[in-house]
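Report on one structure; see the data block that follows.
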Amino acid sequence: MPTSPSPLDPFNTTESIAKSPSPPPSPSRPRMSTRNRLLFFVTAWLIVLMPFLFWWNTWFGRQISDKQIGEYLNDDKHPRHIQHALVQLGERMSGRDSGARRWYPDLLRLASHPIEEVRNTDAWVMGQDTSGAGFHEALLKMLQDSSAMVRGNAALSLVRFGDASGRPQIVALLQPASIVAPVTGRIIDTDKIGTSIHQGGLIAKIQDGQRTMELRSPISGRIRTLSVATGAIVAEGAEVATVEPGVEQVWEALRALYVIGQAGDLPAIRTYQRELPEIPDRVRQQAALTEKAIQARSPARP
């Protein structure tokens, strides 16, 4: 009597495994050589290290020794070294460190330095000690500087001396800066309205024949208007753009006018009392306080 084949036991896979073809061996991945691994590690390390070293060497908050301050103040090849030393001196002077006095002659010398950023920082530093011999006179001369920022910082420092001679320069700090074409030519490139920009930042380029000139912002702030489009021809002296002053510049100007402002300054001050997204609350509050202070010391109208 024939018998039916017994079903395959699903749990007994020995026979099926033995008969199934074995999978081909997976190819082994080539290993990175020790030399390449070392080069990869060094490259990755440099990618991290180089930006840090650049930041560390250019950060004005990095403390430097007295010897370095003396060296940096005379390093005309590296203006940022001079600025670094000036910032360190400013902190010492504001902390009433009498040891900073040894460098006061350098501060007077740097008031006429050819680099604008150096003069700008120097004007701020001299305002940290109103007892410095010659500082008051040097700051008064700096009110005639070719740079609007230097004039503004000198005026702000003079307020610490109880001197309101720089009031017009302080009011000017509240006004947009106008960038005009230095020559007649074609605009070949511009930035965008609303772009935040640092002092010296590029606004536009103008081509005069074979020569290309860069138009840069005299202040830090935000591009408010562009009067011309790329490709347009502009005449010499025509306005190309305006830049709104930055928050910190406005803040310092309002605080100074709280002390020395006059009724004629109120229109410029009231501009910063408006409810606009670009005007922070602290600026609006300071503008209101400055207006009240001016009205309180202004003669009452009949």
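Taking the residues in the range 116-156 that are in a loop (DSSP other than H, G, I, E, B) and of a type in the set (S, T, N, Q) as candidates, determine which candidate is surrounded by the fewest Cβ atoms within 10 Å (Cβ to Cβ).
Our first condition is that a residue be in a loop (DSSP other than H, G, I, E, B); within the range 116-156, this holds for 127-134, 143-147.
Keeping just the survivors that are of a type in the set (S, T, N, Q) gives 128, 130-131, 144, 146-147.
Numbers: Gln128: 20, Thr130: 14, Ser131: 10, Gln144: 10, Ser146: 8, Ser147: 18.
Taking the candidates together, the pick is Ser146.
Beta carbons closer than 7 Å, at least 6 apart along the sequence or on distinct chains, pair a first residue in the range 277-298 that is assigned by TED's automatic domain parsing to the domain that holds Gly264 and surrounded by 15 or more Cβ atoms within 10 Å (Cβ to Cβ) with a second that is outside any loop (DSSP other than H, G, I, E, B) and of a type in the set (Val, Ile, Thr) for Val283/Val247; Val283/Val250; Ala287/Ile269; Thr290/Ile269; Glu291/Ile269. Selection of the range 180-214 for residues being in a strand (DSSP E or B), more than 13 Å from Ser227 (Cα to Cα) and among the aliphatic types (A, V, I, L, M) yields Ile188, Ile197, Leu202, Ile206, Met213.
Condition first: crowded, with 18+ Cβ neighbours inside 10 Å and either farther than 17 Å from Ala154 by Cα or at pLDDT below 90 (or both). Can you find one or more residues in the range 91-101 that meet it? The answer is yes, given that some residue of the range 91-101 is crowded, with 18+ Cβ neighbours inside 10 Å and either farther than 17 Å from Ala154 by Cα or at pLDDT below 90 (or both).
Filtered by the rule that a residue be within 21 Å of the chain's Cα centre (by Cα) and part of a helix (DSSP H, G or I), the range 256-280 gives no residues.
Among the residues of the range 217-245, just one is free of Cβ contacts under 8 Å to residues at least 60 places away in the same chain, of a type outside the set (Ser, Thr, Tyr), buried (at least 17 other Cβ atoms within 10 Å of the Cβ) and assigned to a loop (DSSP other than H, G, I, E, B), namely Val228. Being closer than 22 Å to Ile193 by Cα and free of Cβ contacts under 8 Å to residues at least 12 places away in the same chain is the filter here, so list the residues in the range 249-275 that pass it. Passing the criteria: Arg274, Glu275.
The values are calculated or read from the model by the stated rules, or taken from the named source; none is laboratory data. All values reported here derive from a predicted model rather than from experimental measurement. Ideal geometry is used to build each Cβ from the backbone, glycine not excepted, and the neighbour counts take in all protein chains shown.
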